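Structure record follows, encoded as structure tokens.
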Amino acid sequence: MEAIKVEQMTKSKEISAHHYYIPLGDYIVSTPTICGGSPVIAGSRIPVWIIAGWYKQGMSLDEIMDTYPHLRPEQICAALTYYFEHQSEIEAEFQANDESKLKDELRKKGLLS
């Protein structure tokens, strides 16, 4: 099944001489059969709520990148942007997935005591 783009725009658009709009749909997708349809980083099974959760726990972009070295910085930034633009949706994802799972994962990686 093909992934459904979360954002409908699919091309970068110049908004000024030095600024470009990069559509989140190029980086964030939702597919019913992957992670229960939660928004994930395109090409991965990493949900936005995980990246946002680590950020909320105080991890920097560099620390998140160290945790997921196969992700590019723009993918992580897109996940965080999606979180800030859809905070209530992602906060509901936290509740649905139980924040303790995130904390357990951070403990396993030695990132939380």
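Where a number appears in this text, it was derived from the coordinates with a stated rule and is not lab data. It should be emphasised that the depicted structure is a prediction, and the values quoted were computed from it without experimental measurement. Quick reminder, even Gly has a Cβ in these numbers, built from the backbone with ideal geometry, and neighbours come from all protein chains shown.
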- Query: Pulled fully out, how much extra length does the chain show between S44 and Y68, if you take 0.36 nm times their separation in residues and subtract their Cα-Cα distance?
  - Reply: 7.6 nm
- With a Förster radius of 30 Å, plug the Cβ-Cβ distance of D98 and L61 into 1/(1 + (r/R0)^6) and report the FRET value to the nearest 0.05. 0.75
- Message: Could you give the length gained by full extension between I34 and L80, i.e. 0.36 nm per residue of separation minus their alpha carbon distance, to one decimal place?
- Response: 14.6 nm
